[in-house]
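What follows draws every value from the coordinates through simple rules; no lab data is involved. Everything numeric in this text was worked out from a predicted model, so none of it was measured. Using ideal geometry, Cβ is built from the backbone for each residue, glycine included, and neighbour counts are taken over all protein chains shown.
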Amino acid sequence: MAEIYRASTTAPVNIAVIKYWGKRDPKLNLPTNSSLSVTLSQSDLRTHTTASCSPSYPSSDSLLLNGSPQDVSGARTQACFRELRSLRKQLEDADSSLPKLSTFPLKIVSENNFPTAAGLASSAAGFAALVRAIANLYELPSSPTELSRIARQGSGSACRSLFGGYVRWEQGSTVDGSDSVAFQVAPAEHWPGMRAVILVVSAAKKGVSSTTGMQTTVATSSLFTARANETVPRRMKEMQDAIKNKDFETFGKTTMMDSNSFHATCLDTYPPIFYLNDVSRAAIKVVEQINKRAGKIIAAYTFDAGPNAVVYYEEQNEKEVAGLFKAMLGENEGWKGVRGDGVQANGESL
Ligand code: PMV
């Protein structure tokens, strides 16, 4: 019986406070603007992935997500497999005693502990976990930033899930995307009081995929150019300063304004894209009321390509923020207290 080689990992979801929206190269997932995210806690939202390979496996690569076989023939998954295999091959060429893992079929088994493709950044955690698990399997010496270049080709936002804490994805300027990678701005411990709650307004799959949405926005929205070229570069700087200084008022205001700006470009797209619904708008009103009552910004909402609200706040305001939402909604399973670390080695196999 031929040997089976195996490695497992978990990767967290990240939620951008400065959003990625627009591709300058759709094949390589090169963005039209830099973005910045907060990595959420893995105890709540994460993908757990086991990668294995063996000469005894059937000849083609396979991927099982939450028990269902997935198509791995798509260009994005193939790009990740190809890049990781080529890095492994370099190691094998340099050391002939290494087993030729790069030539064996891969079997990937993944589980999400949250709704897939409902605007909860499932592809971010999914591709980050896939890339990290295969990198571990192949014993690649690559840094998280190097791996972020590969994960980005699976799903743009995945490059940020290789890190914990506060993460910047540099848009880069090269044609091959070698400089479109992620860096940690600050670890989670830098701002230990940061919390987030998520209101799962809908666990249904999103109506317009982020790729289709972005392409249509870039092609038709006149607001988009100003956002990508002026607004986001300025806010990236403001946001990084706010994180450095643990200045929640600026962090919160910039987060909300960037979410509004992103959804404005969606509405300005033709045909228009509506990710927010009435419940999303009600959540915005509640956050506004909380801040009005506090006399300052203590809560900040943000929405990805779906209606679910993520609300950031500081631990000392738990009662005023999460408490109020919880009281309004009762025991809603969608609520989580989150803040977390990057990908983690995890011994358990799926
Ligand atoms: O990485 P994708 O293709 O799923 O796009 C993510 C887009 C947003 O979630 C809306 C914004 C972001 O920066 O994560």
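General observations
- Ranked list, fewest to most other Cβ atoms within 10 Å of each Cβ, for Tyr301, Tyr20: Tyr301, Tyr20
- Kirkwood Rh, Cα atoms: Rg over Rh of segment 5-187: 0.96
- Here the contact order of the chain, divided by its residue count and restricted to Cα pairs under 8 Å and six or more residues apart, works out to 25 percent.
- From helices alone, the chain scores -10500 deg cm²/dmol at 222 nm; the rule is -39500 (n - 2.57) for each run of n ≥ 4 DSSP H residues, then divide by the residue total.
- In terms of surrounding Cβ atoms within a 10 Å radius of their Cβ, Ile198, Ile4 rank from fewest to most as Ile4, Ile198.
- Ratio Rg/Rh, restricted to the chain and using Cα atoms, in which Rh is the Kirkwood radius: 0.98
- Dipole magnitude of the chain about its Cα centre (Cβ charges: Lys, Arg +1; Asp, Glu -1), debye to nearest 20: 560
- Seen against the Cα atoms of the chain and their longest principal axis, helix 278-294 is set at about 60 degrees.
- Going from the fewest other Cβ atoms within 10 Å to the most, the residues Leu324, Leu40 appear in the order Leu324, Leu40.
- Compared with the dominant Cα axis of the chain, that is its longest principal axis, helix 248-267 is turned about 80°.
- Using the Cβ-Cβ distance between Glu189 and Glu230 with R0 set to 41 Å, the FRET efficiency works out to roughly 0.75.
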